[in-house]
Amino acid sequence: MTSLTEFSLAEAIAVLTRAPATLDALLRGLPDVWVLGNEGRTKDGNETWSAFDIVGHLIVGERTDWMPRARIILEKGEARVFDPFDRLLRQKRK
């Protein structure tokens with residue numbers, strides 16, 4: 001078992017492979033107000049995200065952004081900060 005500050009690929013895979021089924025179990029069949037609702041705007045004016053938005057962000061990131069980020073880690077190391085990822089902006093460009 002590793003500490004929370006140490007990375008273990010096997011443990012990461014164990015968590016990540018459960019994520020789709022976990023999210024499905026938590027969200028499927030809930031009323032729209034629970035899935036689509038958000039809390040409005042934050043103090044700095046940004047809109048909050050609904051559960052639907054968050055799952056969409058995870059899906060788009062998985063399909064389009066994970067390879068560029070893996071490439072950055074392999075080429076530049078773990079210290080380089082990732083470029084911001086905005087799934088809504090990506091959708092507008094398509």
Study note, to complete from the structure: Filtering helices (runs of 4 or more DSSP H) wholly in the stretch 6-94 for at least 1 residues that are of a type in the set (Asp, Glu) gives 9-27, 32-35, 51-64, 66-76
Practice item. Filter the stretch 65-80 down to residues that are more than 25 Å from Ala19 (Cα to Cα) and surrounded by 10 or more Cβ atoms within 10 Å (Cβ to Cβ) and give me whichever is nearest to the chain's Cα centre (by Cα). Key: Arg80
Study note, to complete from the structure: Residue set Arg93, Arg87; condition among the basic types (Lys, Arg), within 18 Å of the chain's Cα centre (by Cα) and at pLDDT below 80; output residue Arg87
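Taking the residues in the stretch 18-64 that are among the acidic types (Asp, Glu) and exposed (fewer than 10 other Cβ atoms within 10 Å of the Cβ) as candidates, determine which candidate is farthest from Pro84 (Cα to Cα). Even if it seems obvious, please write down each step before you answer.
Just the residues of the stretch 18-64 that are among the acidic types (Asp, Glu), to begin with: 24, 32, 39, 44, 47, 53, 62.
When the remaining residues are screened for being exposed (fewer than 10 other Cβ atoms within 10 Å of the Cβ), the result is 32, 39, 44.
Values: Asp32: 29, Glu39: 23, Asp44: 18 Å.
Only one residue fits best here, namely Asp32.
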Practice item. Output the residues belonging to the stretch 3-17 that are more than 25 Å from Val55 (Cβ to Cβ) and either surrounded by 10 or more Cβ atoms within 10 Å (Cβ to Cβ) or at pLDDT 90 or above (or both). Key: Ser8
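The values are calculated or read from the model by the stated rules, or taken from the named source; none is laboratory data. Computed from a predicted model, the values in this text were never measured in an experiment. Because the Cβ atoms are built from the backbone with ideal geometry, glycine has one as well, and the counts that use them run over all protein chains shown.
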